[in-house]
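This report refers to the structure that appears directly beneath it.
Nothing in this text is a laboratory measurement; each read-out follows from the coordinates by a stated rule. Small disclaimer: the values here were computed from a predicted structure and weren't measured. Ideal geometry is used to build each Cβ from the backbone, glycine not excepted, and the neighbour counts take in all protein chains shown.
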Amino acid sequence: MLSSKALSKTEHTVILPMFLFALSFLICLVLAKLNVEEMPADALFVGDMASEQTITTKNFPVEPVEVLAREMAATLQPGIRKPIEVRVAFRNEATPLVSISKTSSSCNIVLNSNPRGWGNWKYFFDEAEKSEWMNLAELSIAHEIGHCADFESSLAEGADIKKKTVLSGEVFADVYAALYAQELMGSRAKVSLQVLAQVREDLAWLQPDHATGKYLRNLRAKIKTASAGQEIKPADLTRLSHELTRR
């Protein structure tokens, strides 16, 4: 039987590490709470990157963008076999827009009502005046519809979708958007296309799978002359994008 002195020593040996462990765990919980509740929401997605803009559904409402997306869907539908559907939904992605086509019977363009995702418009809007925001949104919607066009074009050619890289898909979608802007946005296209290329290059370190800036700059002349002297229809955007990005 242990003496009271030995027992006291044993209790200290067991209790002290348990107390320190509990204290460390409590500190971690407090720090985690501070990180989640007090840090700017966007920091959870992009680390310590600074931004001059704070985009919310108040200074950039979802509704006008949804109306624009539906109008664009109607315009571009003739070039997409799957029906283009636009909806607003709360998603966990750190992006204001997402397209879903590979696993759906339709081309779904989803406007992300998650404030953290919607707030990430700022990385485009940082580079432009507020008067350009809707133009940048229009270009971004065209990019997402371009993903649907890319998927259908790849299937039509019998390409192995599983072997297609994320970067090649982003290049196709950006070229599709650039052609759309050139043909349908008129003088509004210039600043938007410059911002798209600049943002792609600036964020290449953060999103290497979306680093299409150099491709856009290399293809700039070809994009400008791709439709020279001909009337471009929605279906032509898919064909021309495929021709320009084919390797």
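Note on GLU231 and LEU68: the extension gain reaches 56.4 nm, defined as 0.36 nm multiplied by sequence separation minus the Cα-Cα distance. As a quick test, which of the pairs LYS58/LYS122; LYS130/LYS214; LYS82/LYS233 have an alpha carbon distance above 21 angstrom in this structure? Where the Cα-Cα span goes over 21 Å, the pairs concerned are LYS130/LYS214. Above 16 Å, the calculated P(r) of the stretch 109-152 contains 45 percent of its Cα-Cα pairs.
Amide H contacts under 5 Å for LEU97: ASN112, restricted to partners 5 or more places along the chain or on a different chain, H placed in the peptide plane at 1.01 Å from N.
Computed on the stretch 194-245, the Cα convex hull volume stands at 88 Å³ per residue. Under the simplified labelling scheme, the GLU129-VAL98 pair shows an inter-label distance of 3.5 nm, with each label point 7 Å from Cα along Cα→Cβ.
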